[in-house]
Amino acid sequence: MSEQLSLGGARSNLFVIPDGAPARNCTSCGAIIYWVRTKADRAMPVDHDGTSHFATCPNAAKHRRKR
Ligand SMILES: [Zn+2]
């Protein structure tokens with residue numbers, strides 16, 4: 001039961017940055033980001049604190065192409 005609580009949390013979108021994760025600069029805003037693998041095996045840029053960079057990048061709209 002408690003597992004569902006963590007899944008439903010809208011605030012906690014923190015990712016664990018694994019050792020050796022490549023640090024790069026965001027091509028949009030220049031911030032340092034790390035690429036991690038999500039559970040869905042997709043590459044995800046995250047900030048140094050583990051927050052998804054999609055959520056914090058001031059130019060996030062450029063990351064996504066219009067569907
Ligand atoms: Zn950025």
Identify, please: which residue in the stretch 48-61 is more than 9 Å from the ligand (Cβ to nearest atom) and part of a loop (DSSP other than H, G, I, E, B) and is, among those, nearest to V16 (Cα to Cα)?
G50
I'd like the full set of residues that are touching a strand residue (DSSP E or B) at 6+ places or on another chain (Cβ under 8 Å), of a type outside the set (D, E, K, R), at pLDDT 90 or above and more than 9 Å from the ligand (Cβ to nearest atom), limited to the stretch 24-42.
I32, Y34, W35, V36
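The values are calculated or read from the model by the stated rules, or taken from the named source; none is laboratory data. As the structure is a computational prediction, the values presented were derived from the model and not from experiment. Cβ: placed from backbone, ideal geometry, glycine included. Neighbour counts: every protein chain shown.
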